[in-house]
Amino acid sequence: MQTCRHIDPALLLHAACHDLPLFRSLCQTYLDTAPAQAAQLALAIRNGTPQAMLHASHGLRGSVALLGATALVRRLAALEALARQQHRPEPGWFDETALLLAEVETEVRRSMAEYQGVPA
């Protein structure tokens, strides 16, 4: 299996009590829900609504935290802090985050297919 740079499959496997079918089901749930969560986040940022940014970021952060996507968790936590202060992120923040989300998605898909619960 290829090494993951953006997620930690072992973390999710541990959360799934080392049950590979459950691991794969949780991966699929992420893949099914993350696009809508990202779209909500993009809309909240575009509209400049701090409460909506906070809500959307928090929900997505919870999803990616379970995957061990620490860089993405940090980005989303920083956005939550900005939203609490009634600020918006820098221009291009969401575009950079969307690229990271795409990389996480690729690794989740690969992990679903390849991960057997043993270190690479």
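When Arg88 is tested against the conditions (1) in contact (Cβ under 8 Å) with a residue 40 or more places away in the chain; (2) over 30 Å from Gln116 (Cα atoms); (3) open to solvent by less than 50 Å² (accessible area, probe 1.4 Å), the lone failure is (3). For the stretch 3-18, residues that are loosely packed, with under 13 Cβ neighbours inside 10 Å and either closer than 16 Å to Ala69 by Cα or free of Cβ contacts under 8 Å to residues at least 24 places away in the same chain (or both) total 3.
For every residue, the table says whether it meets (1) among the hydroxyl-bearing types (Ser, Thr, Tyr); (2) under 13 Å from the mean Cα position of the chain (by Cα); (3) open to solvent by 70 Å² or more (accessible area, probe 1.4 Å).
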site: Tyr30; (1), (2), (3): yes, yes, no
site: Ala38; (1), (2), (3): no, yes, no
site: Met53; (1), (2), (3): no, no, no
site: His58; (1), (2), (3): no, yes, yes
site: Ala65; (1), (2), (3): no, yes, no
site: Asp95; (1), (2), (3): no, no, yes
site: Leu99; (1), (2), (3): no, yes, yes
site: Val104; (1), (2), (3): no, yes, no
site: Ala113; (1), (2), (3): no, no, yes
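Where helices (runs of 4 or more DSSP H) fall entirely within the stretch 22-120, those with at least 2 residues that are among the polar types (S, T, N, Q) are at 50-66, 93-114.
Given the condition open to solvent by less than 60 Å² (accessible area, probe 1.4 Å) and either in contact with a strand residue (DSSP E or B) (Cβ under 6 Å, 6 or more places away or on another chain) or in contact (Cβ under 8 Å) with a residue 60 or more places away in the chain (or both), answer yes or no: does some residue in the stretch 40-47 qualify? Among the residues of the stretch 40-47, not one is open to solvent by less than 60 Å² (accessible area, probe 1.4 Å) and either in contact with a strand residue (DSSP E or B) (Cβ under 6 Å, 6 or more places away or on another chain) or in contact (Cβ under 8 Å) with a residue 60 or more places away in the chain (or both), which makes the answer no. Residues that are within 11 Å of Arg75 (Cβ to Cβ) and among the hydroxyl-bearing types (Ser, Thr, Tyr) within the stretch 86-107 comprise just one, Thr97.
The values are calculated or read from the model by the stated rules, or taken from the named source; none is laboratory data. Keep in mind it's a predicted model, so treat the numbers as computed, not measured. Glycine also receives a Cβ, built like all others from the backbone with ideal geometry; neighbour counts cover every protein chain displayed. For the accessible areas, the whole protein counts, side chains as well, though only heavy atoms, and no ligand, DNA or RNA atoms are used. Shrake-Rupley method; radii C 1.70, N 1.55, O 1.52, S 1.80 Å.
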